[in-house]
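Q: What follows is a structure written as structure tokens; I'll ask about it next.
Values in this text are rule-based calculations from the coordinates and carry no lab data. Note that this is a predicted model, so its numbers are computed, not measured. Backbone-built Cβ (ideal geometry, glycine too); neighbour counts: all protein chains shown.
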Amino acid sequence: MIRQRLYNVGLVTMCAREKSDGDQVQASGKVLLIQRVKVPRGEIHVIEDRCKQCRLCIELCPKEVLKESERVNEKGYRLPEIVEEPETGKICVACGFCELACPEYAIWVKEKKEKALME
Ligand code: SF4
Ligand code: SF4
């Protein structure tokens, strides 16, 4: 069986046909190997009383896994929380953008021991 799929190759997204064994794809007449790579996974920590609900971490997360939660700190600010969907590839990859972006030094990421396998 041949399936039609989209692949990211560098900055270019290609439409390709994949054989059911999943090892090879044909794109623009060339045969490409599908590579599965191990990516880091992150664990987010929030120092609750520092958060000012500015949302910078949420807006800048490239994986869009941070959301505003229902939990509030003692100043009444809603805290960010992580919401992952591993089946769709939405996981924290421990890139550290949220940590760099936070003006209050209120969020930090710890890399987990386990890695995720992704195409
Ligand atoms: S470490 Fe990266 S992927 Fe994980 S929540 Fe922060 S910005 Fe998002
Ligand atoms: S960037 Fe920092 S202060 Fe702003 S919402 Fe995120 S954790 Fe809170």
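Q: Given Lys52/Lys115; Lys67/Lys112; Lys52/Lys113; Lys75/Lys115, which pairs have Cα atoms separated by over 26 Å?
A: Lys52/Lys115; Lys52/Lys113; Lys75/Lys115
Q: Can you check what the net charge comes to around Arg55, using other residues whose Cβ is under 13 Å from the Cβ of Arg55 (Lys, Arg +1; Asp, Glu -1)?
A: That sum, taken over residues with Cβ under 13 Å, equals -2.
Q: Hey, another quick one. Scan the range 70-99 for GluC sites (Glu not before Pro) in coil per DSSP, keeping those whose Cβ has at most 14 other Cβ atoms within 10 Å, and list them by number.
A: When the GluC sites (Glu not before Pro) of the range 70-99 are filtered for loop state and at most 14 Cβ neighbours within 10 Å, Glu74 remain.
Q: Whole number please: convex hull volume per residue, Cα atoms of the range 37-118, in Å³.
A: It comes to 81 Å³ per residue, whole-number rounded.
Q: As a footprinting exposure proxy, order Tyr77, Tyr105 by other Cβ within 10 Å, with the fewest listed first.
A: Tyr105, Tyr77
Q: I've got another one for you. Considering only the other residues whose Cβ falls under 10 Å of the Cβ of Lys90, what net charge follows from Lys and Arg at +1 and Asp and Glu at -1? Working shown, then result.
A: Values: positive: Lys63; negative: Glu64, Glu84, Glu85, Glu87.
For residues surrounding Lys90, the net value is -3.
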